[in-house]
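A short worksheet on the structure shown next.
Here, each number is a calculation from the coordinates, and none is a lab measurement. Note that the coordinates shown come from a computational prediction; the quantities given were computed from them, not determined experimentally. When we count neighbours, we look across all protein chains shown, and the Cβ atoms used for this are built from the backbone with ideal geometry, even at glycine.
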Amino acid sequence: MGAANSSGTRPAGADVKATPTPEGKQRLEGEIEVSVDFHGDGPDKIAEALKGAGAKTVRTK
């Protein structure tokens with residue numbers, strides 16, 4: 001933690017959170033679901049960006 005990470009004179013919020021201690025040898029695995037609320041033109045651009053980031057399945061309405 002450095003002084004540049006906090007606003008004001010005392011650390012607060014995310015600057016003071018302790019790193020959790022892992023329990024055993026747990027791994028993060030599985031899929032996550034992401035929802036994008038998009039009201040512009042070209043939803044295909046959003047879909048391509050998600051695919052470029054590694055999305056396996058992309059649905060648009």
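See the values below:
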read-out: Eligible aspartates and glutamates near Lys51 by straight Cα distance, threshold 20 Å, same-chain separation 8 or greater; value: Glu29, Glu31, Glu33, Asp37, Asp41
read-out: Inter-label distance for Ala47 and Lys61, nm, one decimal - labels placed 7 Å from Cα along Cα-to-Cβ; value: 1.5 nm
read-out: Sorted peptide list for 26-35, 48-57, criterion being average Cβ within 10 angstrom, highest first; value: 48-57, 26-35
read-out: Charge tally in the Cβ shell below 15 Å around Asp44, where Lys, Arg are +1 and Asp, Glu are -1, Asp44 excluded; value: +2
read-out: Charge sum, other residues only, whose C-beta stays under 15 Å from Val34's C-beta, Lys/Arg counted +1 and Asp/Glu -1; value: 0
